[in-house]
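The values are calculated or read from the model by the stated rules, or taken from the named source; none is laboratory data. Just so you know, these numbers come straight off a predicted model, no measurement behind them. For neighbour counting, all protein chains shown are included, and Cβ atoms are generated from backbone atoms with ideal geometry for every residue, glycine included.
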Amino acid sequence: MSFAGKRSQITVMLILGILILGGVSASIYLYVQARSPLIVESSDDVLSIEGGISSCLEEETVLGSYLVASQGGVFESDSNTLLTPFNDVRLAVRDGVNVSVENSAVELAIEAFLNSTLRDCIDKILIAHGESPRVVVMSVKVSILENFVQSELEFPIIFSQPDGRETVLGKQVVVVPLRLSKILEVYNKVVDFSIAHPENINFDEVSNLGMVLEIIPYADSFIIYTITDEDTDSSLGGLLRWNFAVELENAQIPKINFVPGYTVVIGDTLIHDVDIAEGWSSDLKYSLTTNPNTDAFINERTGVINYTAKQAGSYNFKVCAKTVVGDDCKTFGVKVVAKLS
């Protein structure tokens, strides 16, 4: 073997040795940090640190629950997330496929949030007590219960008191009164009905659960739903809202076809059936306004206008057809004349 070949072998072995030594050193450092006790003056200090860590866990659980709910059950954006100016929102129906969400998926999303924020919060508590941050293994578990979100934290810090006693920080458990379970129940029901006819959702059924459902048109082919729990505990600082998006393949604003002007004799009745472009029928809600005011009315479901002329003059009629994705309005004139003698 040449000298150059031996030298390259020696170099590789040195590099491997350095890497192994670095790994061993890191492991020893972590172990020492984990076993190095916090020197406290009294049990009151222990309680103060425990209380601070518990507060961190509770505050971050609330923040994580609100954030994950606002994004439709996700913490980080992915291919099934719609980017909007408001939030990154889960696409709940895409290409005609429903995306149901289980409690376990939301629990994992909140856990991911806690793992990204809790350590900084805990470090601030330790620094406030004159201690350096602890490099220990942290374990977080989130459970969505019927009317609560529960978080469990294991952060094994050792406390050493002046009398020589050592204690280990026990498991921290907090329970937050958030009805994520109920919101998920509503969400999965709504998604089942929102592919083709989002306006036919049974809003009464949603409100019976203490929830409010709002539908917001977004762009040309998406609808964003917001489920709001109006019974959210007021101490948490705001209502819990779950947002999600539905992609409608043929979503479009309804179009009212041309409406001609009319001349009507006093005492006669004008009947006009509003004509909508092909593709829209029973999913519409109609409205009518007139200027000056008249007793003309429209059937909000069929779009039939009924007006009995009573006073001569010129009137402007404005008719609108509305769906959850938008509306269209047309204005037309009605001239009322006296009956010829």
Problem set entry | Flag if Asp192 is loosely packed, with under 14 Cβ neighbours inside 10 Å, at pLDDT below 90 and not hydrophobic (A, V, I, L, M, F, W, C) | yes
Exercise. Since Lys310 meets every condition but one in (1) among the charged types (D, E, K, R); (2) exposed (fewer than 13 other Cβ atoms within 10 Å of the Cβ); (3) under 44 Å from the mean Cα position of the chain (by Cα), which condition does it not meet?
Worked result: (3)
For this session: Taking the options Val186, Val174, name whichever one is out of contact with any Lys or Arg (no Cβ under 9 Å at 6 or more places or on another chain), surrounded by 15 or more Cβ atoms within 10 Å (Cβ to Cβ), assigned to a helix (DSSP H, G or I) and at pLDDT 75 or above.
Result: Val186
For this session: Working only within region 132-165, note down all residues that are assigned to a loop (DSSP other than H, G, I, E, B), buried (at least 17 other Cβ atoms within 10 Å of the Cβ) and modelled with pLDDT of 75 or more.
Result: Phe155, Ile157
Exercise. Would you pick out the residues in region 292-306 that are among the β-branched types (Val, Ile, Thr) and under 12 Å from Phe317 (Cα atoms)?
Worked result: Thr294, Ile298, Ile305
